[in-house]
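**Q** I'd like to ask you about the structure that follows.
None of the figures in this text is laboratory data; all of them are computed from the coordinates on show. Being a predicted model, the structure only gives us computed values, none of them experimental. Because the Cβ atoms are built from the backbone with ideal geometry, glycine has one as well, and the counts that use them run over all protein chains shown.
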Amino acid sequence: MATSAPRPDLLGLVFPLARALRRIEDDAAERHQLSMWQYAVLSVVAFRPGMNQLATAELLGYSRNRIVADLDLLEQRGLLTRRSGSDRRSNTLWITEDGSAVVAQVQRRIHVAEDELLADMPAADRRELQRLLASAATMATGTTAAD
């Protein structure tokens, strides 16, 4: 009786890709003197203006304490502004024009590098991969990419 090959764990399949994508994002952010976390915070602020800093940290799974230093730096660089809430954690976050420009530049660089990484994959397969990953992310988090 022939036995079929064991099914690989999804993490084992996704992890090498995730590691490569992390390097791409780190490099793109670093070119703008940002850490990957600072870019992630700035991206959330760009696409969810007015969210408070506690909710931003929770959305990213980032330390509520560490985000404060990143927000200080981003604000000092003129990439975002904070509007007062009842306490520091409830301050709302707003992207500036310079911040929007940086997010767009980093995102363009990320997309170019992603396309280079997957260049040997047919375009239809890349689109299908993106669709499947978005669907799996939705199932895992209960949110959509636009949320």
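**Q** Stretched out fully, how many nm does the piece from residue 141 to residue 5 gain, at 0.36 nm a residue minus the Cα gap?
**A** Here the answer is 46.0 nm.
**Q** Calculate the spin-label point distance for residue 126 paired with residue 26, positioning each point 7 Å from the Cα along the beta-carbon direction, and give it in nanometres.
**A** Taking the two extended label points, one gets 2.4 nm.
**Q** Defining a contact as two alpha carbons under 8 Å apart and six or more residues distant in sequence, what relative contact order in percent does segment 18-128 show?
**A** Relative CO of segment 18-128 lands at 28 percent.
**Q** Using only Cα atoms, tell me the angle between helix 36-47 and the longest principal axis of the chain; keep it within 0 to 90° and round to the nearest 10.
**A** Approximately 80 degrees, to the nearest 10.
**Q** Under a Cβ-Cβ cut-off of 15 Å, what is the net charge of the residues other than residue 76 that fall near it, where Lys and Arg count +1 and Asp and Glu count -1?
**A** Counting the neighbours of residue 76, the net charge comes to -2.
**Q** Show me the ranking of peptides 61-68, 32-39 by mean Cβ neighbours inside 10 Å, starting with the highest.
**A** Output ranking for 61-68, 32-39: 32-39, 61-68.
**Q** Using the Cβ atoms and a cut-off under 11 Å, what net charge is assigned to the surroundings of residue 37, where Lys and Arg are +1 and Asp and Glu are -1?
**A** -2
**Q** Would you kindly derive the ³J(HN,Hα) couplings of segment 132-142 from the backbone phi angles with the Karplus curve 6.51 cos²θ - 1.76 cosθ + 1.60 (θ = phi - 60°), listing them in order in whole Hz, with x for Gly and Pro?
**A** 5, 5, 4, 5, 5, 5, 4, 5, 6, 10, x
**Q** Which angle from 0 to 90°, rounded to the nearest 10, does the C-alpha axis of helix 66-76 make with the longest principal axis of the chain?
**A** Here the helix axis deviates by roughly 60 degrees.
**Q** If you don't mind, another one. Compute log10 of I(q)/I(0) for the chain with the Debye formula, placing one identical point scatterer on every Cα and leaving out solvent, at q = 0.12, 0.13, 0.15, 0.22 Å⁻¹, to two decimals.
**A** Each listed q corresponds, in turn, to -0.59, -0.68, -0.87, -1.45.
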